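The values are calculated or read from the model by the stated rules, or taken from the named source; none is laboratory data. Here the structure is a predicted model, which is why all the values come from computation and not from measurement. Here Cβ is always computed from backbone atoms with ideal geometry, including for glycine, and neighbour counts include all displayed protein chains. Note: areas computed on protein heavy atoms with side chains; ligands, DNA, RNA excluded. Shrake-Rupley method; radii C 1.70, N 1.55, O 1.52, S 1.80 Å.
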Amino acid sequence: MFKNAQQRLSGKQVLITGATAGIGKSSARIFAESGCDLILTGRRAARLEELKAELDQQHNVKIQTAVFDVSSREACEAFCSEYDLSKVDILLNNAGLSLGLEGVQEADIDDWEVMIDTNIKGLLYLTRHITPFMKDRNAGHVINIGSTAGHEAYAGGSVYSATKYAVRAITHAAKKDLHGTNVRVSLVSPGLTETEFSKVRFKWDEERASKVYQNTKALTPDDVAEIIWFTASRPEHVNIIDTIIYPTVQSSATMVYRDEGLES
Ligand code: NDP
Ligand code: 8X3
């Protein structure tokens, strides 16, 4: 059965935004292992080159990289005109971030702008460019990375949660927009996952970031990549619309079990 799923993916072209770290990087590895050609994007060129070198060495697949900022409409347009994206089979809209954990009364408005521009607009720019090709080919799959924060808002997470609620709304609407075609649209909504996410949220205050994962057992980016892979590798008539994944230690946005005896 696993072999069938792998065969379904072999030879597909997967575009992954935010492949320089965390969930995107793990996804690049798992899709390459299944024989997919990849277009990997992110802002950190050296990281992309390093990942490309690793995957080139291990797998017989074609890897392209593109360095740009998804929050910039101009940069997305330049990427879309420089690369042939007409044959992308799977668009993994993963690039995203959270900045700060302050309440609405004190949060930094610039942080809000960056989250909205990256998590919502960036995802929309690429989706708008690539879905017409998918519709024309009557095939393809858009997989958006949402969050449990897109199902439950928490104090300090107003705008981050709002962006992930938006990603959920866009996913459901896009599914309806493409109704009657074979284009699939899915959402994957992870909970606490140990990546660079908290370092970015706390502006590289590594001590504060590490506390988020202390004495508990968060999801790994590989755990999430496996769910993304599973979502992508179902037969064409199967469209998983949303998968919500908590680590076992988590029961809500703010309920995370911590045990002094547990190493992170
Ligand atoms: P990481 O910080 O480890 O990775 C984020 C990736 O997004 C990086 O590759 C980064 O690349 C890229 N990225 C961020 N901003 C931009 C931008 N403006 N332009 C291009 N690329 C960008 O975090 P995660 O792997 O955890 O995050 C991946 C997704 O998962 C995000 O959408 C996040 O919201 C979501 N998520 C994360 C959870 C968690 O607990 N970690 C839980 C639920 C959802 P670069 O900096 O090189 O540009
Ligand atoms: C990330 C999950 O709850 O840390 O999307 O914001 S949370």
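Summary of computed values
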quantity: Subset of the range 132-148 (residues that are under 21 Å from the mean Cα position of the chain (by Cα) and of a type in the set (D, E, K, R)); calculated: none
quantity: Restricting the range 21-62 to residues that are of a type in the set (V, I, T) and open to solvent by 10 Å² or more (accessible area, probe 1.4 Å), the residue that is farthest from E226 (Cα to Cα); calculated: V61
quantity: Residues being within 16 Å of ligand 2 (Cβ to nearest atom) and not in a helix (DSSP H, G or I) - total across the range 139-155; calculated: 10
quantity: Some residue of the range 145-157 being closer than 20 Å to V238 by Cα and not small (G, A, S); calculated: yes
quantity: Any hit, the range 244-256, residues being out of contact with any strand residue (DSSP E or B) (no Cβ under 6 Å at 6 or more places or on another chain), without any contact (Cβ under 8 Å) to a residue 12 or more places away in the chain and in a helix (DSSP H, G or I); calculated: no
quantity: Residue, nearest to E106 (Cα to Cα), within the range 146-168, restricted to residues that are away from ligand 1 (no atom under 12 Å from the Cβ) and hydroxyl-bearing (S, T, Y); calculated: S158
quantity: Failed item in (1) in contact with a helix residue (DSSP H, G or I) (Cβ under 7 Å, 6 or more places away or on another chain); (2) open to solvent by 60 Å² or more (accessible area, probe 1.4 Å); (3) polar (S, T, N, Q), with N144 passing the rest; calculated: (2)
quantity: Count of the range 166-222 residues which are open to solvent by 20 Å² or more (accessible area, probe 1.4 Å), outside any loop (DSSP other than H, G, I, E, B) and farther than 30 Å from H141 by Cα; calculated: 7
quantity: Residues located in the range 7-20, provided they are in a helix (DSSP H, G or I) and open to solvent by 50 Å² or more (accessible area, probe 1.4 Å); calculated: Q7, R8
quantity: Cβ pairs under 8 Å, 6+ apart, first in the range 193-210 and free of Cβ contacts under 8 Å to residues at least 24 places away in the same chain, second within 12 Å of ligand 2 (Cβ to nearest atom) and of a type in the set (A, V, I, L, M, F, W, C); calculated: S198/A209; S198/V212; K199/A209; R208/F202; A209/F202
quantity: Test set (1) within 12 Å of ligand 1 (Cβ to nearest atom); (2) within 21 Å of F31 (Cβ to Cβ); (3) touching a Gly at 6+ places or on another chain (Cβ under 7 Å) - I143 fails condition number; calculated: (3)
quantity: Single unsatisfied condition, V159 versus (1) of a type in the set (V, I, T); (2) assigned to a helix (DSSP H, G or I); (3) open to solvent by 30 Å² or more (accessible area, probe 1.4 Å); (4) touching a helix residue (DSSP H, G or I) at 6+ places or on another chain (Cβ under 8 Å); calculated: (3)
quantity: Residues (within 16 Å of ligand 2 (Cβ to nearest atom), touching a helix residue (DSSP H, G or I) at 6+ places or on another chain (Cβ under 6 Å) and β-branched (V, I, T)) located in the range 14-60; calculated: I23
quantity: Selected residue (criterion: farthest from T131 (Cα to Cα)) from residues of the range 156-183 that are within 15 Å of ligand 2 (Cβ to nearest atom) and of a type in the set (A, V, I, L, M, F, W, C); calculated: V159
